[in-house]
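Quick notes on the structure that follows.
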Amino acid sequence: MSVTLTRSRGATLLAGEFTEFAADLAADVAKENPGFSSEYTDQLVTAWADWATLVADEPLVGYALTLDMDEVWHAALRRTRKNFSFMSRLTGGRFIHHEPADNYGSPEKIRETMNALVAAGYGAAPEVYLAAIGASCTGSDCRPAAPCPGSDVAPAFDLTA
């Protein structure tokens, strides 16, 4: 069975009306992580957008986010106006909240998230996820995956007021 890959809503938004936001995120992540290549940084931004799309569509699943992708989320949180606009468009007016993690996700949870991304047709950015589970990294290049509970999705605003 072959899977047809497509862009997630999040990646489509970043490639379209939010290109400036995507560029800002990549620049912020690169500045904080000088060892990341520009190609890897771009992959992280897209992988984060794909992950956010899954969480927006299935907020109670609790998909895993890698620690490197969390760098993108932190960059997004520092750009509150653009992030609010992006999340509002992505989620239909809800916001994906960030809770700091005291522990890291398991390789199984990362694999589950990769499988969900592939099943959705988003490609799963294997370079990003495999590095997180240690399948393609060595020594200090390995960074664990941080769980980010997708169940913490709440209305960003009330349009009825």
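The values are calculated or read from the model by the stated rules, or taken from the named source; none is laboratory data. Fair warning: this is a prediction, and the values are worked out from it, not measured in the lab. Neighbour counts are summed over all protein chains in view; Cβ atoms, including those assigned to glycine, are modelled from backbone coordinates with ideal geometry.
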Qualifying residue in segment 17-34 (condition: over 14 Å from Leu117 (Cα atoms), modelled with pLDDT under 90 and over 13 Å from the mean Cα position of the chain (by Cα)): no
Residues of segment 1-48 classified as part of a helix (DSSP H, G or I) and among the polar types (S, T, N, Q), total: 6
Search result, residues across segment 74-86 that are crowded, with 20+ Cβ neighbours inside 10 Å and of a type in the set (Phe, Trp, Tyr): Phe86
